[in-house]
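Just so it is clear, none of the values below were taken in a lab; they were calculated from the coordinates. Note that this is a predicted model, so its numbers are computed, not measured. Cβ placement follows ideal geometry from the backbone for every residue including glycine, while neighbour counts extend to all protein chains displayed.
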């Protein structure tokens with residue numbers, strides 16, 4: 001959050017089959033210099049439906065869209 005103030009994330013599509021949650025998202029943020037950045041990605045989470053918990057999650061996006069850390 002410190003690196004990208006004003007972060008806003010929108011879920012554009014979502015799918016749940018009881019074992020996996022898949023969410024396609026778009027994010028908009030500003031870097032510390034005030035430049036606007038946009039990033040799109042997908043999160044895939046394996047869930048424990050009985051305990052309503054995420055067991056494992058992977059996030060896929062193009063990190064080159066926001067430069068090196």
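Note on the chain: Cα Rg divided by 2.2 N^0.38 Å, N the number of residues, gives 1.30.
Take each of the peptides 31-41, 17-27, 49-59, average the number of other beta-carbon atoms within 10 Å over its residues, and list them starting from the highest.
Numbers: 31-41: 11.4, 17-27: 13.5, 49-59: 9.3.
Going by the mean number of other Cβ atoms within 10 Å, highest first, we get 17-27, 31-41, 49-59.
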